[in-house]
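A.B. asks: This is the structure I have questions about; it appears just below.
The values are calculated or read from the model by the stated rules, or taken from the named source; none is laboratory data. What you are looking at is a predicted structure, and each value in this text was computed from that prediction instead of being measured. Every residue, glycine as well, gets a Cβ built from its backbone with ideal geometry; the counts of neighbours run over all protein chains shown.
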Amino acid sequence: MIGGGAGFGLTPELEQLRDTVRRLAREKVQPRSREVDLTGEYPSDWFDSFKSAGLLGLAIPEEFGGSGAGILALAIAVEEVAKYSSTAALMLLLTRLATTPVLIGGGEDQKKRYVAAIADGSQRAAFGLSEPGAGSDVAGMSTRAVPDMDRPGGYILTGQKCWISGVSQADWFAVFARTGEGISRSSRDIRGFIVERGFDGVGLGRVDRKMGVHGIDTGELNLDGVRVPPENAIGAESGFSVAMRTLNTLRPVVAARGLGLAEGALEYAVEYAKGREMFGVMESEMQGLQWEIAKCAVDIEAARLLTYRAASYVDEGKVTRQWAPYLSMAKYYATELAVRTSSLALQLLGAAGYMEEQPTEQWYRDAKQLTIVEGTSQVQLGIVARGVLDGDVWWD
């Protein structure tokens with residue numbers, strides 16, 4: 001079958017990776033996707049399969065235990081597993097989400113201690129940026145980090161983080177807090193920290209009951225006077241800058257989740273339509289439906305080009321503000337496509353598509369999450385618009 005990157009100029013190594021992950025997804029992820037969705041139990045067997053296949057360190061540099069294949073490789077792997085499970089795709093994404101702040105702003109000891117443990121699967125990590133009153137508005141965070149007078153260079157963290165994917169499974173968290181005095185919205189006062197689950201004062205709050213993406217817990221992290229040693233502060237660079245570059249880095253990977261979901265949903269619905277007779281003809285022979293299928297197919301290929309290009313930009317180090325619009329384009333287009341395609345897939349199955357017996361209702365629920373996480377669609381449009389207005393996106 002043509003597609004899935006064919007003709008885009010992938011290296012033989014990336015094509016081999018794609019084929020390997022495609023087989024793994026069919027053999028390991030697809031058979032259990034509905035079970036994981038219905039039970040909500042963490043799929044440890046998937047994690048073990050990804051570990052055995054060397055996928056946990058795909059986008060982690062070789063010097064810290066990964067394969068150094070990069071963000072494009074991770075995006076390709078995520079695309080393949082997302083055809084069957086957005087949860088499995090999130091599991092792979094999380095290997096790079098919390099480690100990115102450390103790779104950007106952390107010291108060598110931090111990378112060797114914490115990043116390497118993610119690459120070899122001995123630990124798991126999560127990313128704590130959002131708060132109950134500061135989701136898209138990152139500068140509005142209120143979690144405080146005050147100097148620890150008993151330990152020079154250390155900090156004491158107090159506050160709450162929410163909507164953390166993998167909160168129950170994480171061994172450590174990349175957390176951002178405000179270091180300035182008083183009430184401030186200055187991005188210069190934000191800094192990142194590595195917070196281990198075992199630190200005194202670290203506690204889990206509510207575990208959210210989600211509409212979809214079951215199997216990986218999302219919930220709250222409470223920080224009650226948590227003493228963070230000097231060696232766990234993430235560099236001297238602006239924490240706000242580190243957080244934004246982290247989100248930029250992961251946007252092609254979130255886009256890949258949407259791309260893969262759209263592919264899986266459309267392929268399943270098309271096969272169903274080819275065997276469903278309506279009004280004396282097969283549903284797949286109805287021109288009106290054919291046109292809708294064609295539109296989604298065109299959009300999938302367009303989303304792939306945007307996603308792979310964005311991932312290639314990240315691998316080239318293009319994650320700063322002037323490149324952000326191109327990364328946001330991919331995230332916006334592919335995740336909104338996931339919503340449109342999952343809706344069409346459900347519609348093609350009719351009443352059957354709304355029932356738990358069919359995977360279409362799962363794709364439909366899971367797709368919407370992608371337009372919200374790591375910057376809503378509206379945030380992405382704002383970034384793109386600002387890029388055009390500032391001349392970072394221009395065509396002459």
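A.B. asks: Among the residues of segment 36-94, write down those that are farther than 21 Å from Ala170 by Cα, among the charged types (D, E, K, R) and crowded, with 18+ Cβ neighbours inside 10 Å.
C.D. replies: Residues satisfying the conditions are Glu79, Glu80, Lys83.
A.B. asks: Would you confirm whether any residue within segment 96-109 is modelled with pLDDT of 95 or more, assigned to a helix (DSSP H, G or I) and among the polar types (S, T, N, Q)?
C.D. replies: yes
A.B. asks: Within segment 57-101, can you find the residues that are farther than 28 Å from Ala345 by Cα and small (Gly, Ala, Ser)?
C.D. replies: Gly57, Ala59, Gly65, Gly66, Ser67, Gly68, Ala69, Gly70, Ala98
A.B. asks: Moving on. Here are some conditions: (1) touching a Cys at 6+ places or on another chain (Cβ under 7 Å); (2) over 20 Å from Ile293 (Cα atoms); (3) hydrophobic (A, V, I, L, M, F, W, C). Trp323 meets all but one. Which one does it not meet?
C.D. replies: (1)
A.B. asks: Let me ask another. Name the residues in segment 281-318 that are outside any helix (DSSP H, G or I) and either at pLDDT below 95 or over 19 Å from Ala385 (Cα atoms) (or both), would you? Let's see the steps before the verdict.
C.D. replies: Quick first cut of segment 281-318, residues outside any helix (DSSP H, G or I) only: 281-282, 286, 316-318.
Within segment 281-318, Val281, Met282, Met286, Glu316, Gly317 meet the criteria.
A.B. asks: Do you know which of the residues in segment 98-116 that are touching a Lys or Arg at 6+ places or on another chain (Cβ under 9 Å) and under 19 Å from Ser165 (Cβ atoms) is surrounded by the fewest Cβ atoms within 10 Å (Cβ to Cβ)?
C.D. replies: Restricting to residues being touching a Lys or Arg at 6+ places or on another chain (Cβ under 9 Å) and under 19 Å from Ser165 (Cβ atoms), the top hit is Leu103.
A.B. asks: May I ask you to list pairs of residues, at least six apart or on different chains, whose Cβ atoms are under 7 Å apart, with the first in segment 98-127 being on the phi > 0 side of the Ramachandran plot and the second being surrounded by 18 or more Cβ atoms within 10 Å (Cβ to Cβ)?
C.D. replies: Pairs found: Gly121/Leu56.
Residue-by-condition table, conditions (1) assigned by TED's automatic domain parsing to the domain that holds Tyr313; (2) farther than 30 Å from Lys318 by Cα; (3) free of Cβ contacts under 8 Å to residues at least 24 places away in the same chain:
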{"site": "Phe173", "(1), (2), (3)": "no, no, no"}
{"site": "Thr179", "(1), (2), (3)": "no, no, no"}
{"site": "Arg188", "(1), (2), (3)": "no, no, no"}
{"site": "Gly201", "(1), (2), (3)": "no, yes, no"}
{"site": "Val207", "(1), (2), (3)": "no, yes, no"}
{"site": "Met211", "(1), (2), (3)": "no, yes, no"}
{"site": "Asn222", "(1), (2), (3)": "no, yes, no"}
{"site": "Leu250", "(1), (2), (3)": "yes, no, no"}
{"site": "Arg257", "(1), (2), (3)": "yes, no, no"}
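A.B. asks: Okay, moving on. Pull up segment 332-378, narrow it to residues that are among the acidic types (Asp, Glu) and assigned to a helix (DSSP H, G or I), then point me to the one that is surrounded by the most Cβ atoms within 10 Å (Cβ to Cβ).
C.D. replies: Looking at the filtered set, the residue picked out is Asp366.
A.B. asks: Name, by its number, the condition in (1) surrounded by fewer than 20 Cβ atoms within 10 Å (Cβ to Cβ); (2) in contact with a helix residue (DSSP H, G or I) (Cβ under 9 Å, 6 or more places away or on another chain) that does not hold for Pro230.
C.D. replies: With (1) surrounded by fewer than 20 Cβ atoms within 10 Å (Cβ to Cβ); (2) in contact with a helix residue (DSSP H, G or I) (Cβ under 9 Å, 6 or more places away or on another chain) applied to Pro230, the lone miss is (2).
A.B. asks: Follow-up question, since we're still on this one. Could you count how many residues in segment 124-170 are in a loop (DSSP other than H, G, I, E, B), of a type outside the set (Gly, Ala, Ser) and surrounded by fewer than 19 Cβ atoms within 10 Å (Cβ to Cβ)?
C.D. replies: Result for segment 124-170: 8.
A.B. asks: Against the condition over 23 Å from Val253 (Cα atoms) and without any contact (Cβ under 8 Å) to a residue 40 or more places away in the chain, how does Leu289 come out, does it pass?
C.D. replies: Spelling it out, it is not the case that Leu289 is over 23 Å from Val253 (Cα atoms) and without any contact (Cβ under 8 Å) to a residue 40 or more places away in the chain.
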